[in-house]
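Before any comments, here is the structure.
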Ligand SMILES: C[S@@+](CC[C@H](N)C(=O)[O-])C[C@H]1O[C@@H](n2cnc3c(N)ncnc32)[C@H](O)[C@@H]1O
């Protein structure tokens, strides 16, 4: 095996750190409202009040396997990304291929949560001393939108907007970039709902678009606004193909736009494809 370069070592360490893989999954505070019976709920609330005065809290150790963490199957307590190692590896491979093949354009992630995957994109640029590409970091920074069933009936009944854990404010994400020394002018925050922000984005071309908005509408809004700007040879990565709404949006968009490049599987939920030249673009 060849000795890894310092760039490879740096990126490996960053991936492990972003996944919080060097440390055990932390214990989580116990929410009395989640406890089954009324008497226990009451007792826990009293105990919690007493402990709080002493700066203590009731926590429970999560039963999570190393495999589930690596595969990005949990909402982690402290990790800066929930996508797991396989999907970070895929992101690195796609980015390095774009750099090697000189595919023009910037990079974007739509749906960043604590920022981990976007931080990693900036780290790959830093590792390869790339200074002429930007990483666009697009999110509401307040969680997912309630379903807009007039535009997207497929999202009916989706309750992801009710999860406070999925709402991470912009200051926290900026601070996360800064923790890794990667917050600079090559990082551009795009704050707001995708339907409002993405169509107006002043970017000519993307080399890689990474979509992680979970819902039909969030995936479709991102595909419609960004895919036409994806360079030939660029990558379209979908994080949530295991979610029925996202999967349907990808299938509908590909069908409506005659996209025939085969979907490549990354892991149990991630897929991607590389954009090929349209037949009429191909020089003879
Ligand atoms: C599953 S999390 C993303 C995980 C992240 N990529 C990571 O590395 O861990 C989904 C994110 O998408 C954002 N989101 C989903 N739909 C959105 C929309 N329509 N407009 C803006 N943000 C949206 C949420 O705020 C949330 O931060």
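The values are calculated or read from the model by the stated rules, or taken from the named source; none is laboratory data. This one's a predicted model, so the numbers in the text were calculated from it and none came from an experiment. No Cβ is skipped: glycine too gets one built from the backbone with ideal geometry, and neighbour counts run over all protein chains shown.
List of remarks:
- Residue in region 191-210 that is farthest from the chain's Cα centre (by Cα), counting only those that are in contact (Cβ under 8 Å) with a residue 60 or more places away in the chain and near the ligand (Cβ under 9 Å from one of its atoms): 198
- Candidates 87, 100, 151, 73 - the one that is within 19 Å of the chain's Cα centre (by Cα) and surrounded by fewer than 18 Cβ atoms within 10 Å (Cβ to Cβ): 73
- The one condition in (1) within 16 Å of the ligand (Cβ to nearest atom); (2) outside the structural domain of residue 238 (by TED's automatic domain parsing) that residue 62 fails to fulfil: (1)
- Qualifying residues in region 78-136 (those that are in a helix (DSSP H, G or I) and without any contact (Cβ under 8 Å) to a residue 12 or more places away in the chain) - the one farthest from the ligand (Cβ to nearest atom): 100
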